[in-house]
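A short write-up of the structure that comes next.
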Amino acid sequence: MAKFLVLGGAGYIGSHMVNYLQKNHHQVVVFDNLSTGFEGLVLTEQFRNIDILDSEALKTAFNDLGPFDCVIHFCAKSLVGESKTDPKIYYRNNVTGTLNLLDVMLQTGHDKIIFSSTAATFGVPESEEIDESHPTHPINPYGQSKLMVEKILSDYAEAYGMRSVCLRYFNAAGADPSGKIGELHDPETHLIPNILKSVLGQTEATLKVFGTDYPTPDGSCIRDYIHVNDLSSAHFKAFEYIEKHTGAYRYNLGIGNGFSVLDVIRTAEKVVGKPIPFDLAERRAGDPPKLIADSTRAQKELGWQPQFLELEEIIQTAWDFHKNR
Ligand code: UFG
């Protein structure tokens with residue numbers, strides 16, 4: 001049994017991580033400032049409401065509740081569109097906040113961190129599938145902020161012996177099949193929850209497809225949707241890896257299959273069993289046309305294997321969560 005600190009454990013991906021670790025009999029402490037997370041998603045009693053920008057509170061909490069075998073860091077501002085209109089909150093939370101966290105880790109003798117990174121570090125793809133050697137030219141401040149932290153972690157590995165794994169998620173989707181936790185944001189901007197909320201009549205406006213003139217077969221953006229529980233298992237494999245290896249590592253996580261916005265709507269229609277009305281709309285700022293992962297390296301080096309390979313199955317788990325809320 002290991003003891004983990006999950007920062008951002010009240011959020012969508014963080015709460016699934018906590019669920020995964022607890023199911024596998026590990027001890028979990030959660031820090032979250034509940035700015036975008038929900039107390040109802042915190043699955044452990046060991047919870048502190050802490051902002052990573054508050055270094056003093058962070059250090060006190062590390063001393064009170066640590067030591068931890070590994071820190072898993074999900075706290076971030078993560079909306080591509082918002083990062084274009086208000087970049088300062090992205091750089092402050094994602095970069096300054098992480099620097100604070102790393103300072104506290106160094107001061108308290110913690111040397112292992114798994115960091116939530118993103119496909120948004122790559123920018124517009126220069127190849128069909130994106131592997132770890134693909135150039136990184138982010139086209140939005142969100143992707144820039146995550147790439148900055150990736151570089152910081154490389155330098156910290158060399159200078160201070162900090163061990164790290166940056167996991168570049170493509171599009172996190174779905175929910176734990178228990179239906180107890182799932183994707184919740186307020187406001188919601190993500191495609192799959194927006195589709196399902198429109199089906200449930202929980203949105204005021206009709207669902208919109210942002211952009212129909214992209215260089216893709218049907219003109220809408222293509223993304224690689226990966227089940228949130230498969231992300232959790234990758235984090236655990238990453239922890240096992242840095243237990244054995246020093247250094248800073250980066251892996252891309254997706255299922256290697258792309259679906260357009262219109263494909264996702266059609267698949268959701270099958271899951272919910274009825275037509276889903278939508279409007280065609282302008283492009284959303286900061287959206288790359290197509291993002292598909294090549295996750296071969298994560299599979300080979302970490303021994304990770306995604307279990308949810310069908311989009312229909314992924315959307316079904318999201319639907320099971322949303323329809324019962
Ligand atoms: N979209 C719509 N209508 C909606 C919502 C989204 O057409 O109501 C479109 C978007 O324009 C985009 C696609 O659906 O083309 C996916 O959008 P999401 O908002 O679901 O996800 P993003 O691809 O923008 O971003 C997500 C994460 C980021 C991460 C990125 C990496 O939110 O943190 O995946 O691929 F960086």
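The values are calculated or read from the model by the stated rules, or taken from the named source; none is laboratory data. These figures come from a predicted structure and were not determined experimentally. Every residue, glycine as well, gets a Cβ built from its backbone with ideal geometry; the counts of neighbours run over all protein chains shown. Just the protein is used for accessible areas: all its heavy atoms, side chains included, with ligands, DNA and RNA removed. Shrake-Rupley method; radii C 1.70, N 1.55, O 1.52, S 1.80 Å.
So the values come out like this:
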item	result
Spherically averaged projected area in nm², based on the convex hull that wraps the Cα atoms of the stretch 1-113	6.6 nm²
Extreme residue, positive dipole direction of the chain, given options MET17, GLN305, THR96 (C-beta unit charges)	MET17
Which listed pairs, of LYS77/LYS197; LYS88/LYS244; LYS3/LYS151; LYS112/LYS146, have C-alpha distances above 29 Å, in listed order	LYS88/LYS244
Length released on extending from GLU158 to ASP86, taking residue separation times 0.36 nm less the Cα-Cα span	22.6 nm
Two-site label geometry, GLU128 and LYS323: point separation in nm, points 7 Å out along Cα→Cβ	3.6 nm
For HIS245, solvent-accessible area (1.4 Å; no DNA, RNA or ligand), Å²	70 Å²
Net charge of neighbours whose Cβ lies under 9 Å from the Cβ of ASN33, counting Lys and Arg as +1 and Asp and Glu as -1	-3
Cα-based shape type of the chain, given that a ≥ b ≥ c are square roots of the gyration tensor eigenvalues and the cut on a/c is 1.5	prolate
Charge dipole magnitude, Cβ of K and R +1, D and E -1 - the stretch 77-222, Cα centre, debye nearest 20	440 debye
Built amide H within the under 5 Å cut-off of ARG168, gap 5+	SER117, TYR251, ASN252, LEU253
Under 13 Å, Cβ to Cβ, from ASP86 - net charge with Lys/Arg +1 and Asp/Glu -1	+3
The chain - accessible surface per residue (Å², probe 1.4 Å)	42 Å²
Lys/Arg +1, Asp/Glu -1 at C-beta; the stretch 1-146 dipole; positive extreme among HIS26, VAL42, TYR142	VAL42
Size of charge dipole - the chain - debye, nearest 20, with Cβ of Lys, Arg +1 and Asp, Glu -1, no other charges	200 debye
Estimated [θ] at 222 nm from DSSP helical runs (n ≥ 4, -39500 (n - 2.57)) normalised by residues in the chain, nearest 500	-11000 deg cm²/dmol
Pairwise FRET efficiency - ALA205 versus LEU99, Cβ, R0 = 45 Å, nearest 0.05	0.70
Charge sum, other residues only, whose C-beta stays under 9 Å from ASN19's C-beta, Lys/Arg counted +1 and Asp/Glu -1	+1
q = 0.13, 0.18, 0.24 Å⁻¹, the stretch 130-219: log10 I(q)/I(0) [Debye, one scatterer per Cα]	-0.74, -1.07, -1.25
With every protein chain in place, the chain: carbon and sulfur % of accessible area (1.4 Å)	47 percent
Largest-first ordering by accessible area, 1.4 Å probe, given options GLU188, GLU240	GLU240, GLU188
